[in-house]
Amino acid sequence: MLRKVEDRAPRVVAAQPHGPAAAITRRAADRLRAGHLWVYRSDVESLVPPTGATDLQPGALITVMDSRGIPLGTGLYSAASQIAVRIVSNEAAFTRVAYLDQVRELVLAALALRDEVAPESMEDDACRLIFSEADNLPGIVADRYNDLVILQLLTQGTAQDDVRHLLTEVLRDRFRLDTGGITLWERPDPKIRELEQLAHPNPGPLHHPNTTETPQLTTIFTINGLRFHFDAGSGQKTGAFLDQRLNYAAAARYATGSALDICTYQGGFALHLAQHCRSVTGVDASRSALEVADRNRELNPDLPAQVEWIEADAFELLREYESTGHQYDTIVLDPPAFAKSKRAAEGAMRGYKELNLRAMKMLRPGGTLITCSCSHHVPLQEFTEVVSSAASDAARRVQLLETRGAAPDHPAVLTLPETSYLKCLICRVG
């Protein structure tokens, strides 16, 4: 018999001794017990507001229970997101004071990890300091670019003044005290702010060391010995893509001859390839990104390669170049996330297939393909399979030389597949 399943909101039930709570499905409970940290709204069976209240406050800390009423921990509640709860503790009835104490400890642990895996040096002074769930700090991201730190508070439970003040204090006291300290800006992600129904943060920096001067918005940072411009008021995400830092260096080791960098953004791969190639062409649909890329090229005048930038759609350009017989020794494919939801995964696979197929046809025998995906909805195995399918259709023998992910300042949690989002395959195309 065919039944229609109606959309429904979670039931609101009577208050429990452990305070505000959510009862979740068995499927969700099993996922949490296996180490995942998210409860989706579709898995919430009932909500328990605090005693005397009729609703849960956005961003509240709530106890999560299985269908039998057994507590599984405490999480930050969102009244808007499809991720209804993000677990922050295995303890039930975790208080806000205890949560803030834990945030301080976890931030210090995250910074200690970066000291180990991405230490500051003359060659590298930019890295991700805090990576949300990967550091057990859901809804908090912080990136450092030399003497600027960019903070993102991405959930109703973290975009609050108590968290803001705590993070400002810890980060202010941690960096560049010998040279005047860092300037700290909060930069909201517009799409997430809309989804989470977050207020826009107050204008101005959270901290800047010299209150008599205009707060610093720009700087020059260094990765792998190359210099890049950074502007806290422009660009995507927090402004640059630090997760590719070690993949940039790996790509440069294999690069030879003439190179094509598709979706170059601000020239990250292209300028690294220019250390070893004869010529490099960087392609992006964004004129403003390419203008920054050109300024980044000027910051590195000793690069031997001839570098040019082309404003174009990646698919249209590759179709044209393939049809006109363009050939390269090295090609990089680093497109934006094609699959931003599970529903988009099938279309994303077609997009990855087309890009890789055309790139393989344009590579000279023995050429190098560096191909990337940053969508967590396309797992490594599926991405590898689509590249393999492209090789078969292109009738090229492709050797996989390296399988890479994000730099270690973007750690992945084995029980949270979403943190293993970046894939980078380095291939030799015969």
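The values are calculated or read from the model by the stated rules, or taken from the named source; none is laboratory data. Everything numeric here is computed off the predicted structure, so don't read it as measured data. Note: ideal-geometry Cβ built from the backbone for every residue, glycine included; neighbour counts use all protein chains shown. Accessible surface is based on the protein model in full, side chains and every heavy atom, while ligands, DNA and RNA are left aside. Shrake-Rupley method; radii C 1.70, N 1.55, O 1.52, S 1.80 Å.
Out of residues 5 or more away from SER46 or on other chains, whose amide H comes under 5 Å of its own, with H placed 1.01 Å from N in the peptide plane?
Here ARG11, ALA23 satisfy the definition.
Label the range 289-430 by shape, choosing from rounded, prolate and oblate, from the square roots a ≥ b ≥ c of the eigenvalues of the Cα gyration tensor; if a/c is under 1.5 it is rounded, and otherwise prolate applies when a/b is larger than b/c, oblate when it is not.
Working: a/c = 1.58, a/b = 1.18, b/c = 1.34.
Judged from the Cα gyration tensor, the range 289-430 comes out oblate (a/c at least 1.5, b/c at or above a/b).
Express in nm, to one decimal, how much length is gained between ALA249 and LEU401 on full extension, taking 0.36 nm for each residue of separation and deducting their alpha carbon distance.
Working: separation 152, 0.36 × 152 = 54.72 nm, distance 1.46 nm.
Full extension from ALA249 to LEU401 adds 53.3 nm.
Pop a pseudo-label 7 angstrom from the Cα along the beta-carbon direction at both GLU385 and ASP115 and give the gap in nm to one decimal.
In this crude spin-label approximation the distance works out to 4.5 nm.
Hey, what angle do you get for helix 245-254 against the long axis of the chain, alpha-carbon based, 0 to 90 degrees rounded to 10?
That works out to roughly 20 degrees.
With an 8 Å cut-off on Cα pairs and a minimum separation of 6 or more residues, tell me the relative contact order of the range 222-356 in percent. Don't jump to the answer; show the numbers that get you there.
Details: 209 pairs, mean separation 32.4, N = 135.
Computed value for the range 222-356: 24 percent relative contact order.
Sort out for me the Cα centre separation of the range 294-330 from the range 129-143, rounded to whole Å.
Comparing the Cα centres of the range 294-330 and the range 129-143, I get a distance of 34 Å.
Ordered by packing density, taken as the mean number of other Cβ atoms within 10 Å over each peptide's residues, highest first, how do 329-337, 315-323, 87-95 rank?
Final packing ranking: 329-337, 87-95, 315-323.
Compare the Cα positions of GLY405, ASN296, PRO201 along the charge dipole of the chain (+1 at Cβ of Lys, Arg; -1 at Cβ of Asp, Glu; about the Cα centre) and return the one farthest towards the positive end.
Of GLY405, ASN296, PRO201, it is GLY405.
Place a +1 charge on the Cβ of each Lys and Arg in the chain and a -1 charge on the Cβ of each Asp and Glu, then give the dipole magnitude about the Cα centre in debye, rounded to the nearest 20.
On the way: 45 positive and 54 negative charges, 288 e Å.
Value, rounded to 20: 1380 debye.
Would you kindly find the accessible area of HIS326, with a 1.4 Å probe and non-protein molecules such as ligands, DNA and RNA excluded, rounding to the nearest 10 Å²?
Answer for HIS326: close to 70 Å² accessible.
Of the accessible area of the range 17-78, with the probe set at 1.4 angstrom, what percent is carbon plus sulfur? Please list the in-between numbers first.
Details: 1470 of 2670 Å².
With neighbouring chains kept in place, the figure for the range 17-78 is 55 percent.
Could you tell me how many degrees, from 0 to 90 and to the nearest 10, lie between the Cα long axis of helix 96-117 and the main elongation axis, the longest principal axis, of the Cα atoms of the chain?
20 degrees
By its C-alpha gyration tensor, with a ≥ b ≥ c as the square roots of the eigenvalues, how is the range 178-271 shaped: rounded for a/c under 1.5, else prolate for a/b larger than b/c, else oblate?
Details: a/c = 3.14, a/b = 1.57, b/c = 2.00.
Cα axes put the range 178-271 in the oblate bin.
Pairs of lysines 8 or more apart, or on different chains, with alpha carbons under 19 Å: count those in the chain, would you?
11
Over the chain, give the accessible area per residue in Å² for a 1.4 Å probe, as an integer.
Numbers: 19990 Å² over 430 residues.
The answer is 46 Å² per residue.
Helix 161-172: angle to the longest alpha-carbon principal axis of the chain, degrees 0 to 90, nearest 10?
Orientation of helix 161-172: about 50 degrees from the principal axis.
What does the C-alpha gyration tensor say about the overall shape of the chain? Classify as rounded when a/c is under 1.5, otherwise prolate if a/b is larger than b/c, or oblate.
Details: a/c = 2.40, a/b = 1.43, b/c = 1.68.
Oblate is the answer for the chain, as a/c is 1.5 or above yet b/c matches or exceeds a/b.
Through the Karplus equation 6.51 cos²θ - 1.76 cosθ + 1.60, θ set to phi - 60°, convert the phi angles of the range 59-71 into ³J(HN,Hα) values in whole Hz; use x for Gly and Pro.
Result, rounded to whole Hz: x, 5, 8, 10, 6, 9, 10, 7, 5, 8, x, 7, x.
Using packing as a proxy for protection, rank 51-59, 160-168 so that the peptide with the highest average count of other Cβ atoms within 10 Å comes first.
Values: 51-59: 13.7, 160-168: 16.3.
Answer by packing, highest mean first, reads 160-168, 51-59.
Which percent of the accessible heavy-atom area of the range 316-430 goes to carbon and sulfur, probe 1.4 angstrom?
On the way: 2600 of 5230 Å².
Looking at the range 316-430 in its full context, I get 50 percent from C and S.
For ILE130, enumerate residues with amide H under 5 Å from its amide H, sequence gap 5+ or separate chain, H modeled in the peptide plane.
Answer set, sorted by chain and number: ALA142.
Compute and list, largest first, the equivalent-ellipsoid semi-axes of the range 217-295 from the alpha carbon gyration tensor, each √(5λ) rounded to a whole angstrom.
Details: eigenvalues 87, 40, 20 Å².
Value: 21, 14, 10 Å, ordered largest first.
Starting from 0.36 nm per residue, how many nanometres of slack lie between ASP161 and GLN197 once their C-alpha separation is accounted for? All intermediate terms of the calculation are to be shown ahead of the outcome.
On the way: separation 36, 0.36 × 36 = 12.96 nm, distance 1.60 nm.
The ASP161-GLN197 span can extend by a further 11.4 nm.
Carbon and sulfur atoms: what percent of the 1.4 Å accessible area of the range 140-259 do they account for? Mind showing how you got there, number by number?
Working: 2560 of 5200 Å².
Within the range 140-259, the accessible surface is 49 percent carbon and sulfur.
Highest mean first, how do 146-157, 180-191 rank when packing is the count of other Cβ atoms within 10 Å averaged over residues? Can you show the working numbers first?
On the way: 146-157: 23.2, 180-191: 17.9.
Highest to lowest by the protection proxy: 146-157, 180-191.
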